[in-house]
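Notes follow once the structure below has been shown.
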Protein chains: 4
Amino acid sequence: MRSLFCIALLVSCSAGAQTPAEVPASVLENLATAHRILAAEGVLDYLGHVSVRHPSNPNRYLMPRQVAPALVTAADIVEFDLDSHAIDARGRALFSERYIHGEIYKARRDVNAVVHSHSPTVVPFSISQVPLRAVHQAGAFLGAGAPVFDTRGLDSRSASLLVRNPALGKALAATLGEKPVALMRGHGDVVVGADLVVAVARAIGTEVNARMQLNAIQLGTPVTYFTPEEAAAMENPAAYARGWELWESRVRPK
Amino acid sequence: MRSLFCIALLVSCSAGAQTPAEVPASVLENLATAHRILAAEGVLDYLGHVSVRHPSNPNRYLMPRQVAPALVTAADIVEFDLDSHAIDARGRALFSERYIHGEIYKARRDVNAVVHSHSPTVVPFSISQVPLRAVHQAGAFLGAGAPVFDTRGLDSRSASLLVRNPALGKALAATLGEKPVALMRGHGDVVVGADLVVAVARAIGTEVNARMQLNAIQLGTPVTYFTPEEAAAMENPAAYARGWELWESRVRPK
Amino acid sequence: MRSLFCIALLVSCSAGAQTPAEVPASVLENLATAHRILAAEGVLDYLGHVSVRHPSNPNRYLMPRQVAPALVTAADIVEFDLDSHAIDARGRALFSERYIHGEIYKARRDVNAVVHSHSPTVVPFSISQVPLRAVHQAGAFLGAGAPVFDTRGLDSRSASLLVRNPALGKALAATLGEKPVALMRGHGDVVVGADLVVAVARAIGTEVNARMQLNAIQLGTPVTYFTPEEAAAMENPAAYARGWELWESRVRPK
Amino acid sequence: MRSLFCIALLVSCSAGAQTPAEVPASVLENLATAHRILAAEGVLDYLGHVSVRHPSNPNRYLMPRQVAPALVTAADIVEFDLDSHAIDARGRALFSERYIHGEIYKARRDVNAVVHSHSPTVVPFSISQVPLRAVHQAGAFLGAGAPVFDTRGLDSRSASLLVRNPALGKALAATLGEKPVALMRGHGDVVVGADLVVAVARAIGTEVNARMQLNAIQLGTPVTYFTPEEAAAMENPAAYARGWELWESRVRPK
């Protein structure tokens, strides 16, 4: 008991010392939890990251230093401006793809949370000519269409697929447009939401929908997709709160 | 030890205070366990629900308040009449699809337990033209046929696929007919049984059979399905009790 | 600690009182462990069973009473003659398919252990026209061929696929012939070995090989199977002991 | 507590007594950890092995005695010369395929770590005519091509697929050439790196890439592979350290 108390104290102290000022501790904790949830649910591997817009300054966002998602704690969260400059990195290594987040927050005032992952069953759609489409409530928001972002031809100096500078971030944000999801060819996807719970639930739902669509295609007959009207009627953000309650319970420290 | 005792006491007290009167505690506990089993076995995600007919009043049924299946406890169980009005909800949020349960209990006097899930390998069959059919003992009851319920065209005011009112519940019950399973297009399935153990075992067996049928189709040759006689000969409810014993052991609090 | 000691004492006492006489405790323990291993490795579900020939009486065999494999303990083991009559069942329910074991022990003097399972990726081959064949060291013994046993037409009184009497057991043993594995259509498989470790390793290897063959077929080009010479050269029972050491470590009570 | 202490003492003593001299304990620990990581991540089953070149003597390498990967400890590590003779085996059984490691270290002065596994989704590519190719950052190094080694015709005395003598080891090393990965037909693969972390991350990445490529092929349209330039730009060994940090945390003794 005593050692647990000490750990709690340490975490709390180090969080106090190193994390963004003026951000409620619960915001930092929830962002760390989101990383652990998406790792536990099989969406994030040892790469990928989640961010939230700063709760009191819409020109800032919060995301972790460079660390595997399953290991993120509140003390790892760094504050960035929308050009993706760290406010106070204190020498910590940062994700080279943070521009994904900053440029989307610039382009989308309705977005307050962004997930970038290598979602394992979404990647195959990104390298196929079969569009990922809504087939189930879990992925109803895909009814809006899920454009595929491709870095090919965007940078004459590098063949990298990474979104490693502002220009590529802007191009990705342009491909995303007003949609909730964009696939990234040979890479993964980016999923956005009005808040963290929506973005996390949509990231999980995108993977779940991809598996169901893949299995349906494997059955060998035409697949019945959602109509645009069905897709519009079927996303239920209220249900996402129940998902979060479950997912959080699975990653809560014992 | 003391804290465990307190938790047990609290659960017991709150169960006494909030759960349906005149229902043996074991009925409530088994219904909660069924939710945890189906979550652990991969049939239920953060949505879906299981109900049982009231053991002493056939015009009532029991199912949880709106909560993720893996988190259901006896204290979450609410009593409903067959029109799916809660007897005493005490302000708790209820599942919008409870009409699935009420209307099936009305239509099927032989049914005492109903499972509604988004069973992940069953959904692909619901959006394919390949019928889910019995290929293994686990899904022998599918030999009766598994009709696919589709909301399309049933409600001129909404494109939702949810069974969110009595009329849609009645339509689903009509599609189910005398069968043990109906698929729900782009949504999941409903599985019924004469008691809770049968409904749970059939829900698991439906998912297991779906995986085997999918894999057999992927092998690329015609598949040997059960004949109607084989299907009729092969369901063994007695074996389901052994399944329950195993599944329950996996979700029993340590 | 005290309660663990009491449980150990109880198990030990009940084992002494109810299990076959003149059988070393290690034989009973290993047979129980084999059930837990095959459940943990995904070969056995809540049905299926493993047997060994009696170590000092070749006209007897040992297998559990009717119980889910993951729950088998030494106290559950019952002794049978080769006609599959229990020597002393003490009222315990027995597996209706025990004839699989008795009839194979009659027909195959080289066999001292038998596994019957619903191995999930083997069942699809049993209902397909694609033969299960050796593609990897894990399933080298499949190079001998894996015949498919089918109950259809064998019993004019019943359409059951279960091997529930001596005649069906004999028919299955005849289909198996001198091979290590026979598939059972719409049902599962039977895997035999000169000892328990070989039978368990082959049961796991059959499932592993089936997954690899299925995936290779899904790639869409002709598959390179083992030649008979390669299959004969590649089974390595010595390696199975290392497999057992690992698998046992995973199911050992903590 | 006392027994834990004794175990720790025993491990420490036996490590001191039996493991290669003049090798830092951290090298032995990391090599043992690599085995447990690859088992936990589903790359290694009960067979397969990982080696590292001796840190101070490039004409020696280190790998475990014959034991299941998930069970390897520092005390199991044996030192070999590049002809794969154990320096001091002390009677412990050795892997018959250690020539894979010795012959690659001879041929590739740039390689300091070698993984041999039966990676489950890589094997299907080894028996298919579909080449394993880079489709994702996880497998960018596959852009160099992944040749398939086949034992067929290499040994007139045996049909074995095992690399069980120096001549077969040399032939495998020749097939590998300057590449990071070679598939082994009906068997598995060999993955190499400049250090242990790179080899482990590439072994995991090969499996992950194989699953994504398989799923993309199952979607039924042409697949977009990495161009050689993209593959060259996308391997990021710096990120592998973050992977190791995560994987190690999952197998760390509690």
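Filtered by the rule that a residue be in contact (Cβ under 8 Å) with a residue 60 or more places away in the chain and more than 24 Å from C:Gln218 (Cβ to Cβ), the stretch B:198-209 gives B:Val198, B:Ala199, B:Val200, B:Arg202, B:Ala203, B:Ile204, B:Gly205. Among the residues of this structure, C:Val72 does not count as one that is touching a helix residue (DSSP H, G or I) at 6+ places or on another chain (Cβ under 6 Å), of a type in the set (Val, Ile, Thr) and free of Cβ contacts under 8 Å to residues at least 40 places away in the same chain.
So in the stretch A:53-68, with the set limited to residues that are part of a loop (DSSP other than H, G, I, E, B) and away from chain D (no Cβ under 14 Å), which one is surrounded by the most Cβ atoms within 10 Å (Cβ to Cβ)? Across the stretch A:53-68, the extreme among qualifying residues is A:His54.
Within the option set B:Met184, B:Met212, being out of contact with any Lys or Arg (no Cβ under 6 Å at 6 or more places or on another chain), touching a residue at least 40 places away in the same chain (Cβ under 8 Å) and either more than 21 Å from B:Gly42 (Cα to Cα) or at the interface with another protein chain (Cβ under 8 Å from one of its Cβ atoms) (or both) holds for one residue only, B:Met212. In the set (1) under 16 Å from the mean Cα position of the chain (by Cα); (2) surrounded by fewer than 19 Cβ atoms within 10 Å (Cβ to Cβ), the condition left unmet by C:Asn30 is number (2).
A:Arg152 passes every criterion in (1) within 14 Å of chain D (Cβ to nearest Cβ); (2) touching a Lys or Arg at 6+ places or on another chain (Cβ under 8 Å); (3) under 30 Å from A:Ile77 (Cα atoms) apart from (3). The set of residues in the stretch A:155-181 being free of Cβ contacts under 8 Å to residues at least 60 places away in the same chain and either open to solvent by less than 30 Å² (accessible area, probe 1.4 Å) or not charged (D, E, K, R) (or both) consists of A:Asp155, A:Ser156, A:Ser158, A:Ala159, A:Ser160, A:Leu161, A:Ala167, A:Ala171, A:Thr175, A:Gly177, A:Pro180, A:Val181.
Within the stretch D:144-153, the residues that satisfy the criterion of being more than 14 Å from D:Ala210 (Cβ to Cβ) and not in a strand (DSSP E or B) are D:Ala144, D:Gly145, D:Pro147, D:Asp150, D:Thr151, D:Arg152, D:Gly153.
Is it true that some residue in the stretch D:108-121 is in contact with a helix residue (DSSP H, G or I) (Cβ under 8 Å, 6 or more places away or on another chain), charged (D, E, K, R) and at pLDDT 95 or above? Yes: the stretch D:108-121 contains one or more residues that are in contact with a helix residue (DSSP H, G or I) (Cβ under 8 Å, 6 or more places away or on another chain), charged (D, E, K, R) and at pLDDT 95 or above.
Residue-level check: of (1) closer than 20 Å to B:Tyr105 by Cβ; (2) modelled with pLDDT under 95, B:Asn236 misses just (1). The set of residues in the stretch A:222-250 being more than 17 Å from B:Arg36 (Cα to Cα) and in contact with an Asp or Glu (Cβ under 8 Å, 6 or more places away or on another chain) is empty. Here is a check on your reading of the model: is D:Ala194 of a type outside the set (Ser, Thr, Tyr), more than 10 Å from every other protein chain (Cβ to nearest Cβ) and in contact (Cβ under 8 Å) with a residue 12 or more places away in the chain? So D:Ala194 passes the test.
Looking for something open to solvent by 10 Å² or more (accessible area, probe 1.4 Å) and among the small types (Gly, Ala, Ser) - is there at least one such residue anywhere in the stretch D:200-207? So far as the stretch D:200-207 goes, no, none of its residues is open to solvent by 10 Å² or more (accessible area, probe 1.4 Å) and among the small types (Gly, Ala, Ser).
Residue by residue, here is whether (1) open to solvent by less than 10 Å² (accessible area, probe 1.4 Å); (2) within 20 Å of D:Thr121 (Cα to Cα) holds:
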position: C:Leu183; (1), (2): yes, no
position: C:His187; (1), (2): yes, no
position: C:Val198; (1), (2): no, no
position: C:Ala210; (1), (2): yes, yes
position: C:Gln213; (1), (2): yes, yes
position: C:Val223; (1), (2): no, yes
position: C:Ala239; (1), (2): yes, no
position: C:Arg242; (1), (2): no, no
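Annotation: of all residues in the stretch A:223-247 being more than 7 Å from chain B (Cβ to nearest Cβ) and part of a loop (DSSP other than H, G, I, E, B), the one that is nearest to B:Val148 (Cα to Cα) is A:Tyr225. Do we find that B:Ala201 is within 30 Å of A:Ala138 (Cβ to Cβ) and of a type in the set (A, V, I, L, M, F, W, C) in this structure? Here the answer is yes, as B:Ala201 does meet what is asked.
Pull up the stretch C:129-148, narrow it to residues that are crowded, with 24+ Cβ neighbours inside 10 Å, out of contact with any Asp or Glu (no Cβ under 6 Å at 6 or more places or on another chain) and of a type outside the set (Val, Ile, Thr), then point me to the one that is farthest from the other protein chains (Cβ to nearest Cβ). For the stretch C:129-148, the residue satisfying everything is C:Ala146. For the stretch A:154-167, indicate whether the set of residues that are among the charged types (D, E, K, R), more than 23 Å from A:Ala32 (Cα to Cα), in contact with a helix residue (DSSP H, G or I) (Cβ under 8 Å, 6 or more places away or on another chain) and not in a loop (DSSP other than H, G, I, E, B) is non-empty. No, the conditions are met nowhere in the stretch A:154-167. Evaluate the stretch B:105-122: report whether one residue or more is assigned to a loop (DSSP other than H, G, I, E, B), buried (at least 24 other Cβ atoms within 10 Å of the Cβ) and in contact with a Ser or Thr (Cβ under 7 Å, 6 or more places away or on another chain). Yes; the residues of the stretch B:105-122 include at least one that is assigned to a loop (DSSP other than H, G, I, E, B), buried (at least 24 other Cβ atoms within 10 Å of the Cβ) and in contact with a Ser or Thr (Cβ under 7 Å, 6 or more places away or on another chain). Residues in the stretch D:86-96 that are assigned to a loop (DSSP other than H, G, I, E, B) and surrounded by fewer than 22 Cβ atoms within 10 Å (Cβ to Cβ): D:Ile87, D:Asp88, D:Ala89, D:Arg90, D:Gly91, D:Arg92, D:Ala93, D:Leu94, D:Ser96.
C:Ala174: part of a helix (DSSP H, G or I) and more than 10 Å from every other protein chain (Cβ to nearest Cβ), yes or no? Here the answer is yes, as C:Ala174 does meet what is asked.
The values are calculated or read from the model by the stated rules, or taken from the named source; none is laboratory data. Computed from a prediction, not measured in an experiment: that's the story for all the values here. All Cβ positions, even for glycine, are placed from backbone atoms using ideal geometry, and neighbour counts span all protein chains on display. Just the protein is used for accessible areas: all its heavy atoms, side chains included, with ligands, DNA and RNA removed. Shrake-Rupley method; radii C 1.70, N 1.55, O 1.52, S 1.80 Å.
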